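The values are calculated or read from the model by the stated rules, or taken from the named source; none is laboratory data. Because the structure is predicted, anything quoted here is derived from the model rather than measured. Cβ sites come from the backbone with ideal geometry, for glycine too, and all protein chains shown count toward neighbours. The accessibility values were calculated without ligands, DNA or RNA, using every heavy atom of the protein model including side chains. Shrake-Rupley method; radii C 1.70, N 1.55, O 1.52, S 1.80 Å.
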Amino acid sequence: MANTRTKRSNRKAGILVCLFLSATCCIPASAQDWNFEPHVQRAYDLALELRIDEAIALLPDPATAQEHYVIALARALDLILTEDGEKYDSYHDAYESLLEKRTKSSLPEDLFLQAELRLQWAFVHLKFGHEFDAAWSLRQSYLNV
């Protein structure tokens, strides 16, 4: 019985990750103009390879929108895959803090970052059973684009 439940849970997690990654790959044209510096590109590649700890370690003090994007992507993937409640609390605080700082800017890269963060967290909220927060994040992401 427990084995069937585990398989179902793993399948559900796999489907969520596929949806999440497909959504992050379909980014608007303005985002395709982003040129990652080599260390940011390496961290991005590691995050997509699901080597989360290595990706985060490469960017200990993110400063640019691109660095924040990669860290947020790595954290969102980590939460979707591990379902770790303790990480959820700390990552959510970091997400809220970053979003609060970046909403004061109207730079195109910050607007894209806000939309991406909200889209990523829509999936995280959905994974943790917060359907209303997921819907709200998805709506806010759409309004940013």
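With the requirement that a residue be of a type outside the set (A, V, I, L, M, F, W, C), surrounded by 13 or more Cβ atoms within 10 Å (Cβ to Cβ) and assigned to a helix (DSSP H, G or I), what does the stretch 92-106 give you?
Within the stretch 92-106, H92, Y95, R102 qualify.
Cβ-Cβ distance below 7 Å, separation of 6 or more or different chains: which pairs start in the stretch 125-145 with a residue that is in contact (Cβ under 8 Å) with a residue 40 or more places away in the chain and outside any helix (DSSP H, G or I) and end on one that is crowded, with 17+ Cβ neighbours inside 10 Å and among the hydroxyl-bearing types (S, T, Y)?
Hits for this filter: F128/Y88.
Kindly establish whether Q41 is of a type in the set (S, T, N, Q) and buried (at least 16 other Cβ atoms within 10 Å of the Cβ).
Considered against the rule, which asks whether it is of a type in the set (S, T, N, Q) and buried (at least 16 other Cβ atoms within 10 Å of the Cβ), Q41 comes out as no.
Acidic (D, E), assigned to a helix (DSSP H, G or I) and surrounded by 21 or more Cβ atoms within 10 Å (Cβ to Cβ), is that true of E116?
Yes.
Counting only residues that are among the small types (G, A, S), part of a helix (DSSP H, G or I) and open to solvent by 20 Å² or more (accessible area, probe 1.4 Å), how many does the stretch 57-83 have?
Counting residues in the stretch 57-83 that are among the small types (G, A, S), part of a helix (DSSP H, G or I) and open to solvent by 20 Å² or more (accessible area, probe 1.4 Å) gives 1.
Cβ-Cβ under 7 Å, sequence separation 6+ or interchain: first residue in the stretch 39-55 and touching a residue at least 24 places away in the same chain (Cβ under 8 Å) and under 10 Å from L77 (Cβ atoms), partner open to solvent by less than 70 Å² (accessible area, probe 1.4 Å) and among the small types (G, A, S). Which pairs?
A47/A55; A47/A74; I52/A74
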